[in-house]
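Student: Structure in structure tokens, see below.
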Amino acid sequence: MSILYKIASFLYGESPETDPKARLASLKSVPRLLKLIWQTNPRMALTNIVLRLITSVFPPVMLYIGKLIIDEVVLLVNTKGQHTNEDLWIWVSVEFALAVVLDILNRLINLNDTLLGDLFANKSSVQIIEHAAKLDLYQFENPTFYDKLEKARQQTGGRTYMMTQVLAQLQSIISFAMLGVGLAIFSPWLILVLLIAAVPSFISESRFNTLKYSLTTAWTPQRRELDYIRYMGASDSTAKELKIFNLSDFLSQRFTKLSHEFYEANRKLSIRSAFWGGLLYLLSTGVYYGAYIYIIINTVHGAITLGDLTFLAGSFDRMRSAFQTIMNRFADISSRALYLQDFFDFFDLKPAIISDNSSKKVPRPIQKGFTFEHVSFQYPDKDNYSLKNISFHLKIGEKIALVGENGAGKTTLVKLLARLYEPTEGRILLDGVDLREYDIEDLRSQIGIIFQDYVKFALKVSENIAVGNIKEINNLELIKTAAQKSLADTVVKKFPEGYEQMLARRFKGGVEMSGGEWQKIALARAYMRDAQLVILDEPTASLDARAEHEVFLRFSELITGKMAVLISHRFSTVRMADRILFLENGELKEIGSHEELMQLNGKYADLFRLQAKGYT
């Protein structure tokens with residue numbers, strides 16, 4: 001085995017992904033797969049196993065009955081009809097009945113496989129969604145994480161196939177063992193010949209399956225890019241730019257280049273696989289026919305009957321086929337287990353920001369507010385700090401505005417406030433208690449936040465608004481109230497189906513809205529929950545200056561008594577804040593009311609005057 005493997009290594013080459021140790025180690029994920037299958041539907045999983053166990057007995061039994069039928073026919077021919085043919089027709093009837101039962105069992109297995117596979121695919125997809133929701137935000141901003149997520153997402157069909165293969169392997173092993181009993185009684189060495197005949201084909205299949213995995217894994221980033229280009233080239237969200245800038249040729253050429261490179265790599269591997277697979281199959285077939293000739297010679301010399309010839313030849317052929325299937329399936333399973341390991345690797349990712357049983361509930365009402373104490377933050381894959389030594393206190397009922405140029409750290413600061421990130425240094429306190437000591441879900445339930453890159457969900461109007469507090473999705477009165485507060489009700493009045501109107505043209509009946517209309521819908525989400533802290537991260541960027549000012553005036557009225565954080569590039573709007581924090585390169589440079597900062601005559605005052613000139 002080791003010599004053959006070295007030959008295969010010489011022929012096929014080595015790479016980290018095709019390391020046999022890695023392939024065998026990946027089989028540890030198979031028990032986890034079986035556990036998931038069982039958890040999906042124990043009754044169907046048990047039924048599948050029982051049906052396969054029963055079916056695995058049929059091949060040797062039917063071969064033996066075939067032997068009895070032929071021996072009966074030979075006996076009748078030799079005795080020229082003097083022997084009764086009653087036994088012959090009994091065995092024919094039994095074989096017919098077994099054939100019918102076997103067909104029914106196979107159909108039941110296929111049906112069970114299909115239904116259980118669908119349930120398993122659905123369950124694993126739900127688990128991916130649920131687990132992704134538990135992971136930290138910074139993980140989604142990491143390309144390596146995205147590769148893991150993409151592998152886990154894309155292999156739903158592969159996991160279902162893997163499930164079928166593992167169950168079928170059990171059935172094949174039992175059938176092989178039972179066929180081997182009959183063959184061993186006649187000539188044990190034939191089994192050894194059989195094993196030798198199947199090994200070359202097994203090496204070929206095993207090797208090229210793992211090389212295929214190596215190729216697919218190495219190309220994961222490029223395949224993600226191909227999916228992205230395919231989406232950009234035919235999407236309602238990119239159609240305008242594609243037409244205006246005439247980007248279709250650029251995208252199609254880029255897609256053609258990448259896809260052709262992958263095709264070429266895959267083509268070379270496929271040709272090698274076909275060549276060596278065919279050559280080694282020829283060797284395996286030659287060994288089989290050598291054993292077949294040996295059985296024929298024994299029959300001609302009278303050592304065995306014609307029925308025995310049929311049984312042994314049939315058993316040897318089926319065992320050869322079964323053994324090759326078992327070995328090839330093992331190679332397939334071991335290589336696909338590498339893909340399966342990708343799936344479980346995703347689930348092995350753990351969030352750093354978690355709550356435990358000792359976590360506190362957020363005070364209702366909050367008494368003192370939020371305090372930043374020398375807070376710094378650095379992204380895991382970055383050398384520079386996004387925030388450096390930030391200290392300030394957000395008091396009860398206070399509205400503060402964050403001002404600064406792009407990249408100053410404004411959005412990072414509010415993400416820390418909502419505990420989407422953890423401070424790299426320093427701490428954030430809520431009523432004098434470290435934010436880490438509070439339950440995450442309870443903390444976020446007390447924060448209403450709309451980011452500048454809010455999502456335009458292809459959902460109904462009511463559902464799009466209810467996203468802000470999904471537990472109230474059926475509370476139409478609350479949804480309508482939130483829409484009135486954000487001025488989204490003026491948009492809804494235009495729709496023939498009102499709050500039942502589907503938004504975005506991705507689905508039938510959907511309508512598209514302007515950026516300003518979408519922002520009013522998004523703002524309504526912030527009003528869906530009775531939050532003690534409301535954060536608006538440039539949610540009105542698509543509105544004109546007058547409309548934005550109107551939205552913020554209404555916002556100011558509606559949040560009386562609550563804490564609020566506003567981010568806007570329009571300095572005329574942030575004037576309504578009680579205090580303004582001016583950030584530059586992640587540092588808090590200035591803090592105070594608009595009047596105080598103007599008197600300070602620092603960078604805030606310079607930028608305010610610079611922006612004011614644009615309106616004169």
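The values are calculated or read from the model by the stated rules, or taken from the named source; none is laboratory data. What you see is a predicted model; the values in this text were computed from it and never measured. All Cβ positions, even for glycine, are placed from backbone atoms using ideal geometry, and neighbour counts span all protein chains on display.
Student: Can you work out which of the residues in region 303-338 that are farther than 30 Å from I69 by Cα and of a type in the set (S, T, Y) is modelled with the highest pLDDT?
Tutor: S334
Student: Here's something else I'd like to know. Hey, E373 hits all of (1) more than 19 Å from M563 (Cα to Cα); (2) surrounded by 14 or more Cβ atoms within 10 Å (Cβ to Cβ); (3) modelled with pLDDT of 90 or more but one; which does it fall short on?
Tutor: E373 satisfies every listed condition except (1).
Student: Turning to a different aspect of this structure: Does any residue of region 354-362 turn out to be touching a helix residue (DSSP H, G or I) at 6+ places or on another chain (Cβ under 8 Å), under 18 Å from L135 (Cβ atoms) and outside the structural domain of L167 (by TED's automatic domain parsing)?
Tutor: yes
Student: Quick check: anything in region 269-289 under 20 Å from I185 (Cβ atoms), surrounded by 12 or more Cβ atoms within 10 Å (Cβ to Cβ), β-branched (V, I, T) and assigned by TED's automatic domain parsing to the domain that holds I69?
Tutor: no
Student: Another question, then. Looking at region 124-163, which of its residues are at pLDDT 80 or above and closer than 26 Å to V50 by Cβ?
Tutor: S124 - this is the single residue of region 124-163 that is at pLDDT 80 or above and closer than 26 Å to V50 by Cβ.
Yes/no per residue for (1) touching a helix residue (DSSP H, G or I) at 6+ places or on another chain (Cβ under 9 Å); (2) exposed (fewer than 14 other Cβ atoms within 10 Å of the Cβ); (3) touching a residue at least 24 places away in the same chain (Cβ under 8 Å):
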| position | (1), (2), (3) |
| --- | --- |
| V92 | yes, no, no |
| D103 | no, yes, no |
| L108 | yes, no, yes |
| L111 | no, yes, no |
| L119 | yes, no, yes |
| V126 | no, yes, no |
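Student: Taking into account only those residues within region 432-461 that are surrounded by fewer than 20 Cβ atoms within 10 Å (Cβ to Cβ) and small (G, A, S), which is farthest from the chain's Cα centre (by Cα)?
Tutor: Here the answer is G432.
Student: Something else: Taking region 378-410 only, how many residues are surrounded by 19 or more Cβ atoms within 10 Å (Cβ to Cβ) and either acidic (D, E) or closer than 13 Å to I567 by Cβ (or both)?
Tutor: 9
Student: Would a scan of region 301-320 turn up a residue that is assigned by TED's automatic domain parsing to the domain that holds I69, of a type in the set (D, E, K, R) and either under 22 Å from D136 (Cβ atoms) or crowded, with 20+ Cβ neighbours inside 10 Å (or both)?
Tutor: yes
Student: Quick check: anything in region 197-214 of a type in the set (D, E, K, R), under 26 Å from R254 (Cα atoms) and either at pLDDT below 75 or outside any helix (DSSP H, G or I) (or both)?
Tutor: Checking region 197-214: at least one residue is of a type in the set (D, E, K, R), under 26 Å from R254 (Cα atoms) and either at pLDDT below 75 or outside any helix (DSSP H, G or I) (or both).
Student: How many residues are at pLDDT below 85, out of contact with any Lys or Arg (no Cβ under 8 Å at 6 or more places or on another chain) and within 17 Å of E538 (Cα to Cα) when one looks only at region 564-607?
Tutor: The total comes to 8.
Student: Which of the residues belonging to region 565-612 are crowded, with 16+ Cβ neighbours inside 10 Å and either touching a Cys at 6+ places or on another chain (Cβ under 9 Å) or acidic (D, E) (or both)?
Tutor: If the condition is that a residue be crowded, with 16+ Cβ neighbours inside 10 Å and either touching a Cys at 6+ places or on another chain (Cβ under 9 Å) or acidic (D, E) (or both), then E584, E587, E590 are the ones that fit.
Student: Further question on the same structure: What's the number of the condition P365 fails, among (1) within 32 Å of the chain's Cα centre (by Cα); (2) over 15 Å from D434 (Cβ atoms); (3) not basic (K, R)?
Tutor: That leaves (1) as the condition not met.
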